[in-house]
1. Can you tell me which lysines have their Cα less than 20 Å from the Cα of K161? Leave out same-chain residues fewer than eight positions away.
2. Could you work out the helix-only [θ] at 222 nm for the chain, with each DSSP H run of four or more residues adding -39,500 (n - 2.57) and the total divided by the number of residues, to the nearest 500 deg cm²/dmol?
3. Distance between Cα centroids, segment 30-54 to segment 311-379: provide it in whole Å.
4. Have a look at G282, G348, G145 and tell me which one the Gaussian network model of the chain (Cα, springs below 10 Å) gives the largest fluctuation.
5. Please identify every one of the trypsin sites (Lys or Arg not before Pro) in segment 136-245 that sits in a loop by DSSP and has no more than 14 other beta carbons within 10 Å of its own beta carbon.
6. Given the convex hull of the Cα atoms of segment 337-403, what is a quarter of its surface area in nm²?
7. Along its principal axes, what span do the Cα atoms of the chain show, with the longest given first and each in whole Å?
8. Which loop GluC sites (Glu not before Pro) in segment 114-210, with loop taken from DSSP, have no more than 12 other Cβ atoms within 10 angstrom of their Cβ?
Amino acid sequence: MKYCWDDFRINKSVKKSEVLKQFIATRNYTEKMVEPLTAGDFESQPVEYVSPPKWHWGHTTWFFEQFLLTESAIDYKWFDDDFAFLFNSYYNTIGSRVLRAERGNLTRPVVEEVLNYRKEITNRMTSWMSQNELTDKQLDLIVLGINHEQQHQELLLTDIKYILGHNPLFPSYDGKARVESKNQGELKWINVKEGLHSIGFNGEDFCYDNELSKHTVFLHEFDISNQLITNGEFIEFIGSKGYENFDYWLDEGWSWVHKNQIDSPKYWYHENGEWHHYTLAGYQKVNPNDILSHISYYEAAAFAEWKGMRLPTEFEWEAASDKFDWGTRWEWCASSYLPYPGFDKPEGAVGEYNGKFMMNQMVMRGASVATAPNHSRKTYRNFFHPHFQWQFSGIRLAKKQKV
Ligand SMILES: [Fe+2]
């Protein structure tokens, strides 16, 4: 299994034929990703926030049918009249839907029916795109749909890891999976001088609405690490009773640790005096040199405090990002997910894509080993609630400042 998606860049200005090629490649990859799964794996929903792989398949297909094909013909006939109810995620503009926590109840339609749905909608989209002049708005929506499916490809992988990682047999997804590690070289502190910095997207390629508008921020001088924290460094934190000392923790994080009896990153188990963890390649010993993954914002902030340091803000991260390698872990930032100056949500249902989530979540920057390589960029803003551990999340530190 290859974890890199085809090397293409989605650009609004490229020709329709290129968008069609990208559309087909993206659709095919989503189907290739599930080859190691059993029928049972497809329907499992161990917790509310993990969606069954079959639902991801249906939902990414529904997106194209709902937002494009239904507009393509006055007398358009849905593949199945129930599917808008089954596979709408959170779009109130569209209407009622299956509750998120009940996606695992969808033992019908069966996997083969959802696969047929995928193939039929891919064919309808291909015919429609090939045989018609498309407006700029339609091309924009197709590119959004491709990016949306790429986002779900990452969620699909993180959800598959959760499903298999909570099976007592710890089945491997792919015995050759090496998505957990990277050699980072020598530790260096990158100094960025006080001044004005341009933040936000300013280009011709695709970006999400939450990366707009480009604006200027003032930053005090800061130092940020060129490296991500390793498993070995986090084992030191655990060994020094980091999970037991309230002084390192934000109050909400301290409550989360106690309420949920958290004592390590997700998928970690202490066995015979050594740390082990579930990986996509199966259950194995934790390699102290590998890059830490699957930690909450609370754990990232507590670790930074224990180190006498802090997490960078998303603006510091973006201002320094050309000077370090990123893309292995989503990096928690000390920034709430809020609209930029000039942010305006698009008209219609797609206006619900990002804007309505701009409270009570923290920003993550970069990308992870599970992200399509050309899906992210330095202005990309990912966001999750601070307690979530199931994404490939990590820690980059900044030094505390004297201002
Ligand atoms: Fe979605």
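1. Answer for K161, where 20 Å is the Cα cut-off: K2, K32, K54, K176, K182, K266, K285, listed by chain and number.
2. Mean residue ellipticity at 222 nm (helix-derived): -10000 deg cm²/dmol.
3. Between the Cα centre of segment 30-54 and that of segment 311-379, the gap is 26 Å.
4. Fluctuation is largest for G348.
5. K176, R178, K188, K193, K241
6. In nm², the orientation-averaged hull projection of segment 337-403 is 6.9.
7. Projected onto its principal axes, the Cα set of the chain covers 65, 52, 36 Å.
8. In loop regions of segment 114-210 (DSSP not H, G, I, E or B), the sparsely surrounded GluC sites (Glu not before Pro) are E133, E186, E194, E204.
The values are calculated or read from the model by the stated rules, or taken from the named source; none is laboratory data. The structure presented is a predicted model; accordingly, all values stated were derived computationally and were not measured. Backbone-built Cβ (ideal geometry, glycine too); neighbour counts: all protein chains shown. Remember, those area values only see protein heavy atoms, side chains included, never the ligands or the DNA or RNA. Shrake-Rupley method; radii C 1.70, N 1.55, O 1.52, S 1.80 Å.
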